[in-house]
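These notes concern the structure reproduced below.
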Amino acid sequence: MSERQLRTLLERSASTIPTGQPPMPMIERMGRRRGRRRLVGAMGAAVCVIGLGTTLAFRVSSNEGEATLTPAEELVAIDLPTSGWRPGEGGDGAVIEGVLQLDAEGCVYLGGLPGSDASQRMPVVWPAEYSAAVVDGVATLFDADGNPVATEGDRIRMGGGFSAGVSDHRCAAGEVAYVQSDVENLDD
Amino acid sequence: MSMGTQFDEFVASRWTRLARSAVLMGADPHAAEDFVQTALAKCYVSWDKVVRAEDPDAYVHRVLINVMRDSRRRRWWGERAAAELPEVLLGDRTEGLADQDAMRRALGCLPLPQRQVLILRFYVDLSEAQTARVLGVSPGTVKSRAARALRALEAHPGLEVLTSGVEG
């Protein structure tokens, strides 16, 4: 087969592959989100260097014994329920997926995926050393290494199980999704 | 021209070819558009780097190939059980579909590195040097992979009829 013949056959085969229009708004939204996440990563690294808990980073106020979060600078820590589970350990095999959300009480939860029950709300217990913060008004989830893995509104998928009473954290009451995997960002 | 306009124009003019490249490299058509979307979103963040690159097309294809490679590393829960089996495409519905099937089946018999070389060289129309940069290999490797892939396609029984009808 000559190179010329191959070009013709590839072109002919490719022309039968159906394609739609480029989803410009979606691409740009994803791009902006990635850019923001990269910025958050850089900010997170800087904060780590300076030292969490110093006056520079956060100001957390208290309201009737419950922690509520007030933006101090541009980055506010979120109190995240975590377990002792770490990557590499065994775990349950259920698929946990939803949209990352933050409620008015400062609790991160999974909302229903687009097209499903919008009122769905699943509290989540995250793997060990996961953390979260509100950065420029957007909740951001970080993995155990401090890398941003998802921001508010992202569709995410994990493995793990569903259980009740696994945590006494105020954001993990009732039945919770118990994450035993890395977080896969479906919008990434 | 503003960055946004430049990016929009680039996407509008390359979208179809990028998606079809991904399919020819082994992705199913729906996944291919997702891969291209992700690759372009990554390029959007560093668009200044893309336009400064010697060859923006090669740059974007490199990102696309990385996205496709990363997707293959997804964990098992990335695959979902389906209640119904996907519709099976019959190869003999029309002549066009038969051709398409034969060509894609033949490409599917090649090892991925060889298939990538063929698509980048002869569908995307990159030079040997550009293809080498995209794949992170030497131009000599590109040349030898292309030669091996062409020999394998020549020997593929399903392509004999197609090749005979195409001017060499």
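Some observations on this one:
- Distant-in-sequence amide contacts of A:THR82, defined by a placed amide H-H separation under 5 Å and a gap of 5 or more residues or a different chain, comprise A:TRP126.
- Contour excess over end-to-end distance, with Cα ends at A:MET24 and A:ASP168 and 0.36 nm allotted per residue: 47.4 nm
- Segments B:143-156, B:44-57 sorted - mean Cβ within 10 Å per residue, highest first: B:143-156, B:44-57
- For A:GLY112, residues with placed amide H under 5 Å, excluding near neighbours: A:VAL99, A:GLN120
- Sites A:GLU3 and B:SER13, calculated FRET efficiency, Cβ-Cβ separation with R0 22 Å, nearest 0.05: 0.35
- Peptide B:6-18, shielding by other chains (average Cβ, 10 Å cutoff): 3
- Put simply, the amide H of A:PHE162, placed in the peptide plane, has neighbours under 5 Å in A:TYR178, leaving out anything fewer than 5 places away on its chain.
- Using the Cβ-Cβ distance between B:ASP125 and B:ASP28 with R0 set to 22 Å, the FRET efficiency from 1/(1 + (r/R0)^6) comes to roughly 0.40.
- Residues in the stretch B:101-130 that a label on B:ASN66 would reach, taking backbone N under 18 Å of a point 7 Å out along Cα→Cβ: B:130
The numbers here are math on the coordinates, done by the rules we state, and not lab data. Because the structure is predicted, anything quoted here is derived from the model rather than measured. Quick reminder, even Gly has a Cβ in these numbers, built from the backbone with ideal geometry, and neighbours come from all protein chains shown.
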